[in-house]
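Let me begin by presenting the structure, written as structure tokens, before commenting on it.
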Amino acid sequence: MTMIAQMIARAQLPLYLFAKAPIPGLVKTRMHPHLSDIQSARLATLMLEQSIDKVCRFWPGKLMLTVSPSIHDPLFQNFARNNDLDLEAQISGDLGERMTHVMHKGIEQFGSAVVMGCDVPQITHEILVQVHRLLAAKNNVIGPASDGGFYLLGLSQIAAGVFEGVDWGGSQVLSQVCGNFQRLGIALSRCAELRDIDNWDDLCWLGAQDQRYQGFVT
């Protein structure tokens with residue numbers, strides 16, 4: 001690859017933002033009984049909106065809104081249109097299979113790719129820029145979450161077995177994934193730890209940091 005081609009690829013490094021349609025009763029169910037189904041869906045919508053705003057403002061590369069269950073959801077269509085985002089549906093399978101699918105595409109086309117969830121609306125400009133720089137230098141990077149998972153994963157290479165034996169949704173996800181990388185001999189850098197907003201205590205914490213969320217906890 002020529003130097004010019006490398007510069008173009010770095011400028012287009014894709015971030016795949018994984019998003020689930022905020023349907024009452026299907027999202028943020030761990031907020032019960034403090035929030036109703038409708039309130040939980042509103043919370044998920046606000047977190048999705050803020051996550052999109054953050055990546056649109058601060059991610060230096062290409063953006064993909066990767067959604068479930070359907071790209072035809074009016075909310076997703078509006079977000080994509082209003083923010084000039086590419087929109088694609090997630091494949092079926094567990095989280096590892098879905099991430100592997102987009103990672104393979106992104107790495108093949110641009111040399112590196114990153115996936116991120118919508119549970120850390122407090123993510124900062126500094127973290128996103130740091131991740132982009134690491135990927136541009138062909139480093140792999142993970143964003144650890146305080147609950148034992150991760151909120152972001154950026155790879156310049158992906159090997160079979162990276163997500164083998166991972167108990168998705170459990171408290172050992174981060175250690176299991178990092179253990180797989182170590183077993184495969186693939187170096188993995190870490191960026192700052194963030195708090196996933198999954199349960200009531202998390203939301204109370206976020207409400208103390210960001211006034212947009214105070215209405216949910218007062």
Original post:
Being in contact (Cβ under 8 Å) with a residue 60 or more places away in the chain and closer than 22 Å to M47 by Cβ, is that true of even one residue in the stretch 147-160?
Top reply: no
**OP:** Tally the residues that are of a type outside the set (K, R) and either in a helix (DSSP H, G or I) or under 19 Å from T45 (Cα atoms) (or both), restricting the search to the stretch 165-218.
**Re:** 33
**OP:** Look through V131, V141, V166, V115 and report the one residue that is closer than 20 Å to S68 by Cβ, modelled with pLDDT of 95 or more and within 15 Å of the chain's Cα centre (by Cα).
**Re:** V115
Original post:
Among the listed residues S171, S189, which satisfies the condition of being surrounded by fewer than 16 Cβ atoms within 10 Å (Cβ to Cβ), hydroxyl-bearing (S, T, Y) and in contact with a strand residue (DSSP E or B) (Cβ under 9 Å, 6 or more places away or on another chain)?
Top reply: S189
**OP:** Name every residue in the stretch 92-101 that is touching a Phe, Trp or Tyr at 6+ places or on another chain (Cβ under 6 Å) and in a helix (DSSP H, G or I), in order of residue number.
**Re:** L95, G96
Original post:
Looking at this structure, is G143 touching a residue at least 40 places away in the same chain (Cβ under 8 Å) and either acidic (D, E) or surrounded by 14 or more Cβ atoms within 10 Å (Cβ to Cβ) (or both)?
Top reply: yes
Original post:
Can you find even one residue in the stretch 116-139 that is in a strand (DSSP E or B) and touching a strand residue (DSSP E or B) at 6+ places or on another chain (Cβ under 6 Å)?
Top reply: yes
Original post:
Among A89, A44, which is the only one that is on the phi < 0 side of the Ramachandran plot, of a type outside the set (S, T, N, Q) and surrounded by fewer than 17 Cβ atoms within 10 Å (Cβ to Cβ)?
Top reply: A89
**OP:** Test Q157 against the stated conditions and say whether it is polar (S, T, N, Q), modelled with pLDDT of 95 or more and either surrounded by fewer than 22 Cβ atoms within 10 Å (Cβ to Cβ) or in a loop (DSSP other than H, G, I, E, B) (or both).
**Re:** no
**OP:** From (1) surrounded by fewer than 21 Cβ atoms within 10 Å (Cβ to Cβ); (2) within 26 Å of W205 (Cα to Cα), pick out the condition that doesn't hold for D119.
**Re:** (1)
**OP:** Any chance you could count how many residues in the stretch 57-91 are in contact (Cβ under 8 Å) with a residue 24 or more places away in the chain, over 13 Å from the mean Cα position of the chain (by Cα) and not in a loop (DSSP other than H, G, I, E, B)?
**Re:** 9
Original post:
Quick check: is even one residue across the stretch 100-117 more than 14 Å from P14 (Cα to Cα) and free of Cβ contacts under 8 Å to residues at least 12 places away in the same chain?
Top reply: no
**OP:** Show the residue pairs that are 6+ apart or on different chains and have beta-carbon atoms under 6 Å apart, the first residue being within the stretch 199-213 and over 16 Å from R30 (Cα atoms), the second being small (G, A, S) and surrounded by 11 or more Cβ atoms within 10 Å (Cβ to Cβ).
**Re:** Y213/G207
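The values are calculated or read from the model by the stated rules, or taken from the named source; none is laboratory data. Values in this document were obtained by computation on a predicted structure and should not be read as measured data. Please note: Cβ atoms are built from the backbone with ideal geometry, for glycine as well, and neighbour counts cover all protein chains shown.
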